[in-house]
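Here the structure is laid out as structure tokens; the discussion comes afterwards.
The values are calculated or read from the model by the stated rules, or taken from the named source; none is laboratory data. A quick note: this is a predicted structure, and the numbers were derived from the prediction, not measured. Every residue, glycine as well, gets a Cβ built from its backbone with ideal geometry; the counts of neighbours run over all protein chains shown. Note: areas computed on protein heavy atoms with side chains; ligands, DNA, RNA excluded. Shrake-Rupley method; radii C 1.70, N 1.55, O 1.52, S 1.80 Å.
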Amino acid sequence: QHRVHCSEPKVFFQRSMKIPVTTVFCLFVHASAFVVTQNRATLLGVRGKVSQHAVTAPLTSEVAVDDVVNAPEWVRNLDYEGFQKEVTNLGKMLLAEGGQEDIDHLNKIVKWRNTAAAVGILTMALPLNPVAVVALSTWTYSSWTMIAHHVCHGGYNRIEQSDGGWSSRGFALGNVFNRVKDWCDWMLPEAWNVEHNRLHHYHLGEPLDPDLVERNLQFLRDMKIPMFAKYATVAIMMPFWKWFYYAPNTFKELQINEKYRREKITLPEGFDPFEAITLKDLLNPNDEKAKIARKVVKPVEFFQRVLAPFLFCRFFLLPAPLLFVPSIGPALFGHAIANLAVAEMATNIHSFITIVTNHAGNDLYKFDDEVKPRSGSFYVRQIVSSTNYDYGSDIVDFSHGWLNYQIEHHVWPDLSMLQYQKGAPLLRQICDKYGVPYIKENVFIRTKKTVDIMVGNASMMDFPTELEPTKDKAGPAGITWKSSNGAIEDEE
């Protein structure tokens, strides 16, 4: 464990040009949060509820009186009000500083992404080779983790110099053309905005967090199989999680939001909104729950609306021109498909390493209730349930998909990438002043800690939520909002 406190604000700049060994590896492998939310409703104690946002249910573990008494000193003595004020003011300052420099920085990252795409496309016709694989996987990885991620959060909405193409209110939304032009991946952008921007960000580590790794992998933790087999299971799932699990589950959240919560339609009897839906459930349902789930996530609609655009464009339309090369066209097409397929697996591995690990480990906390956004308790939760990695220079940050600023991103979801670089050392100073743990550790160490949580070799810590200010609690109504663009109060 490496708990970094904020006594050296200049370290960010002093180390900005150092590139760790992890960068080289991260440029070769790529993907995001493999979570299998099996038996989720049983753990939450909720069944058949339409509005996930109005549910406040405890986790399976409870904080006992002794746990409160034995809570860390920093928790018992924390000045929540003072901490909230300083973090809020810093966020406002960073937001106000957004301008042309931020747009120029975004355009720089876009150029790097486009360069990777060009190199990958130009070399994919060659027999399977690392140049094409790295370039193609970097193209996919950076399109999601850096460009789409921060744009969809509204990180550039308020910057006047933006030409409008970087607004969360239109980016990749509305039709297939916009999706292919702005961000084409296995997930439907509208669905990802609901699952990620709403549920994950404003329920981090809470019962309603769809990405709570410890709970989602409880089935694997409980399996009576050798430990090496558990680790092997995680390794096998890493290259395929995005289309097998994440795409259908983000779409499920969108369906519940669009067809059931908004229109107040009753969910099918027996359907559990917190139960995971995988591609296997849609193709070959082997139990009653899976058959009922197919009524909410209809297989034909899912394939047409969610998977088909990326599958067709990336694995047929993109390499199709090679088929017209005289005599060797089919062979070149086959080479391209091989490179694209391996690159797809690589990008999944890469994002697993840099995304799943953001919020899992035996040194991070989980919570048993909800708190109001931008409250002191909210800020504390984002920090002590997140971890950063090596950061400082654009090259290092690019290799981590800018996910190495996860603490800052969860505290202020709607800032630009450049502002996270500027704000990180300043937030560390505030954490040090108030004694709030700020964890920053090598990404591969975090991967080991995350997998340990998945297989049951370790567990996350329960936060003594009884010690949080009562005024910070969300209450029975939970958290509600109208849009998924940017910050929770951004309803324009």
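Peptides 361-370, 94-103, 347-356 ranked from most to least packed give 347-356, 361-370, 94-103, packing being the mean of other C-beta atoms within 10 angstrom over each peptide's residues. Remark: the range 91-108, residue by residue, has Karplus-estimated 3J(HN,Hα) of x, 5, 5, 5, 5, 5, 7, x, x, 4, 4, 5, 5, 4, 5, 4, 4, 5 Hz, where x stands for each Gly or Pro and the curve is 6.51 cos²θ - 1.76 cosθ + 1.60 at θ = phi - 60°.
Over the range 251-328, give the accessible area per residue in Å² for a 1.4 Å probe, as an integer. Present the calculation step by step, with values, prior to reporting the outcome.
On the way: 4190 Å² over 78 residues.
It amounts to 54 Å² per residue over the range 251-328.
Ignoring any ligand, DNA or RNA, what whole percent of the accessible area of the range 137-194 comes from carbon and sulfur when the probe is 1.4 angstrom?
Details: 970 of 1790 Å².
Ligands and nucleic acids excluded, carbon and sulfur reach 54 percent.
Label the range 107-254 by shape, choosing from rounded, prolate and oblate, from the square roots a ≥ b ≥ c of the eigenvalues of the Cα gyration tensor; if a/c is under 1.5 it is rounded, and otherwise prolate applies when a/b is larger than b/c, oblate when it is not.
On the way: a/c = 2.41, a/b = 1.24, b/c = 1.94.
Oblate is the answer for the range 107-254, as a/c is 1.5 or above yet b/c matches or exceeds a/b.
Using the Karplus relation 6.51 cos²θ - 1.76 cosθ + 1.60 with θ = phi - 60°, the per-residue 3J(HN,Hα) values for the range 358-372 come to 5, 9, 9, x, 6, 10, 10, 9, 10, 9, 10, 7, 10, 10, 6 Hz, with x marking Gly and Pro. Between the range 334-372 and the range 186-233, the C-alpha centres lie 10 angstrom from each other. Within a straight-line Cα-Cα reach of under 18 Å, Lys111 can be paired with the following aspartates and glutamates, leaving aside sequence neighbours fewer than 8 residues apart in one chain: Glu101, Asp102, Asp163, Asp182, Asp394, Asp397.
With the Cα gyration tensor of the range 217-264 giving a ≥ b ≥ c as the square roots of its eigenvalues, does the rule (a/c under 1.5 for rounded; else a/b larger than b/c for prolate; else oblate) give rounded, prolate or oblate? Verdict is oblate for the range 217-264.
Pulled fully out, how much extra length does the chain show between His105 and Leu122, if you take 0.36 nm times their separation in residues and subtract their Cα-Cα distance?
3.5 nm
How about the range 197-303: which trypsin sites (Lys or Arg not before Pro) there lie in a loop by DSSP and see at most 12 other Cβ atoms within 10 Å?
Values: sites: Arg198, Arg215, Arg221, Lys224, Lys230, Lys242, Lys252, Lys259, Arg261, Arg262, Lys264, Lys280, Lys289, Lys291, Arg294, Lys295; in loops: Lys224, Arg262, Lys264.
Counting only loop positions with at most 12 other Cβ atoms within 10 Å, the trypsin sites (Lys or Arg not before Pro) in the range 197-303 are Lys224, Arg262, Lys264.
Here the label points at Thr88 and Tyr231, each 7 Å from Cα along the C-beta direction, are separated by 4.7 nm in the simple model.
Please state the shape class of the range 125-178: rounded when a/c is under 1.5, otherwise prolate if a/b exceeds b/c and oblate if not, all from the C-alpha gyration tensor. Don't skip to the end; give the middle numbers.
On the way: a/c = 3.39, a/b = 2.32, b/c = 1.46.
Here the range 125-178 falls in the prolate category.
Legend: residue pairs Lys92/Lys433; Lys85/Lys471; Lys108/Lys252; Lys230/Lys280; Lys108/Lys422, Cα-Cα distance threshold 24 Å; pairs beyond threshold, Lys108/Lys252.
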